[in-house]
Structures are given as C-alpha cells and as structure tokens.
1. Give me the percent of accessible area attributable to carbon and sulfur for the stretch 1-96, probe 1.4 angstrom.
2. Tell me, in nm to one decimal, what length is gained between residue 105 and residue 144 on full extension, where the rule is 0.36 nm per residue of separation less the Cα-Cα distance?
3. Where a ≥ b ≥ c are the square roots of the eigenvalues of the C-alpha gyration tensor, would you call the chain rounded, which needs a/c under 1.5, or, failing that, prolate if a/b is larger than b/c, or oblate?
4. Treating the beta-carbon of each Lys and Arg as +1 and of each Asp and Glu as -1, no other charges, what is the dipole magnitude of the stretch 15-91 about its Cα centre, to the nearest 20 debye?
5. Decide, for the stretch 10-136, between rounded, prolate and oblate: order the square roots of the alpha carbon gyration tensor eigenvalues as a ≥ b ≥ c, take rounded if a/c falls under 1.5, and otherwise choose prolate if a/b is larger than b/c, else oblate.
6. Write down the accessible area per residue of the stretch 127-178 in Å², having rolled a 1.4 Å probe over the full set of protein chains.
7. Could you give the length gained on full extension between residue 218 and residue 24, defined as 0.36 nm per residue of separation minus the Cα-Cα distance, in nm?
8. Please report the projected area of the stretch 29-74's Cα convex hull averaged over all directions, in nm².
Amino acid sequence: MTRIEFEADVFSPRGLTLLVDGSAQSHVDLDDPTRLFFEYLRRIGHVVDAIAMPGAPIAVLHLGGGALTLPRFVAATRPGSIQMVVDHDAELIEVVRARAPWPASGIEVRIVDAAEAVRASAALGERFDVVVIDVYTHLDAPAFVDDPDFLAACLGLLREGGVVVVNIADAAGLARLRTSARAFARADPDAELLAVGDTHVIDGGDEGNTVLVATPGTLPAAIGLRLEAGGPFPVTVLAGATLDFVLWGAC
C-alpha cells in the first residue's frame with residue numbers, strides 16, 4: 001500500500017513537502033504559490049514566465065499532478081489561465097485536495113493515464129501553450145514518455161509558439177537526457193530543443209534533474225535568456241549545435 005503524507009517545511013510557516021513512500025515528490029507553499037522550492041520546477045517556471053507577455057493567461061497541460069505546485073504558480077502569475085492536470089493516482093489527488101487544496105477556478109484535474117489523456121485532447125482538438133511532462137513512479141519514468149509517437153502527439157497539441165517541457169531525473173552521464181532528445185528527434189526531425197540544468201549535471205558529472213524544452217517551430221529566444229538569467233546557479237543552457245555536441249560529440 002502506498003504511503004502518502006505531507007511534511008512541514010522548516011523554512012516557511014505553510015510550506016509542505018509531499019512524500020510518497022518516504023520519497024519527496026513535490027513541495028508547495030500555501031501562502032506563496034510563486035515560491036518554487038525544487039530547482040527543476042523553478043526552471044520550468046522560467047519557461048512559463050517567458051512563453052507569453054507577463055501576466056497574460058495561457059493554456060497548460062500538466063502530465064503528472066503531484067501537489068499541483070506548478071498549476072498553482074501559473075494561476076498566481078497568470079490569472080485567467082486554463083489548466084488541465086492529469087494524474088493516474090486518485091488517492092494521491094484526494095490527499096492533496098484535503099491537505100493542500102488548490103484554487104477552485106481555472107484548474108481541472110483528470111484522473112487518467114497521461115498517454116490516454118493526450119490521445120483524448122488530440123481527439124477533442126484541445127490546444128495548449130505549454131505541455132509539461134513530469135510523470136514518475138518513485139524515481140522511474142514510464143516507458144511511454146520516450147515513445148516518439150507519444151511525443152509527436154504532445155507536440156501536436158501545441159498552439160503556435162508553444163513548447164513541450166520535460167522533467168528528466170538522470171544519473172551522471174545524461175543517459176536519460178540523450179534518450180529523450182533522440183525520441184523528440186524521431187517524433188519531429190525539425191523540432192528545436194533546449195536543455196537546462198545545474199552545470200555539474202549538464203556536464204555529465206553529477207546525477208540530478210535537467211529540463212528539456214521542445215517545439216515544432218522556432219524556439220522563442222526569450223526562453224533561453226530567461227533560463228540563463230534566472231538560475232538557480234550554476235546554470236547551463238544548451239541549444240542547437242552546442243546541445244548536439246554535448247549529447248553526441250563531434251560526429
């Protein structure tokens with residue numbers, strides 16, 4: 001039986017860390033939803049910051065719910081946004097709803113498998129400015145997140161100028177980042193990619209999280225600039241030929 005619990009944050013009076021079987025999965029500050037405690041989420045927050053004019057509402061599909069940290073951030077920084085949160089774990093969502101309820105308007109939660117949700121959104125013609133893929137069971141991502149057909153379907157849900165953003169938990173050496181980048185290239189050979197993370201993770205020396213951003217069009221320059229300026233530091237942002245060189249070498 002899965003053990004789902006919240007642990008109080010010693011750094012904030014109403015900060016909570018969501019633990020699943022003892023592993024930290026999400027952090028949320030009920031007093032300040034703009035506070036993104038986990039570094040990778042702060043980087044995804046920077047992508048959200050740069051995807052449109054400040055404060056402008058956007059449409060976001062979140063594949064993976066957790067404590068709904070990022071949806072709360074979007075609702076606070078871009079009022080009026082339309083957000084769909086997808087998670088297969090009904091028990092987890094009910095615990096979060098009871099212990100750390102989220103804003104009532106603008107956030108729809110669907111209890112369904114992420115791949116099924118993407119197929120349903122495509123069939124309904126739903127379109128988004130950002131599709132976030134953050135789907136894990138403990139430390140493992142399901143195989144379908146690196147399926148080119150799944151990623152092509154995610155790219156197909158984007159509005160013009162939109163991006164798919166993937167949280168990648170990796171061992172030293174960037175094996176998972178390479179796998180994900182290769183899958184996007186197979187999904188759409190013309191897709192533009194950007195990777196960002198702690199410099200010591202991006203150089204392959206340490207384990208940790210990287211964030212991969214993909215778009216079927218031209219990647220907005222504002223995203224890379226925001227990521228470079230916003231940290232957390234030390235930060236490395238890779239795109240284009242530089243990203244290719246880091247992932248594949250001189251070939």
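The values are calculated or read from the model by the stated rules, or taken from the named source; none is laboratory data. Just so it is clear, the structure is predicted and the values come from calculations on it, not from any experiment. In this analysis, Cβ positions are derived from the backbone assuming ideal geometry, glycine residues included, and neighbour counts consider all displayed protein chains. For accessibility, only protein heavy atoms count, side chains too; no ligands or nucleic acids. Shrake-Rupley method; radii C 1.70, N 1.55, O 1.52, S 1.80 Å.
1. Carbon with sulfur: 56 percent of the solvent-accessible area.
2. 11.0 nm
3. Details: a/c = 1.42, a/b = 1.27, b/c = 1.12.
Judged from the Cα gyration tensor, the chain comes out rounded (a/c under 1.5).
4. Values: 5 positive and 9 negative charges, 73 e Å.
Taking the Cα centre of the stretch 15-91 as origin, the dipole is about 360 debye.
5. Numbers: a/c = 1.73, a/b = 1.16, b/c = 1.49.
Note, shape of the stretch 10-136 comes out oblate.
6. On the way: 2060 Å² over 52 residues.
For the stretch 127-178, the per-residue accessible area is 40 Å².
7. Numbers: separation 194, 0.36 × 194 = 69.84 nm, distance 3.51 nm.
Length gained, residue 218 through residue 24: 66.3 nm.
8. Details: hull surface 13.3 nm².
So the mean shadow area of the Cα hull is 3.3 nm².
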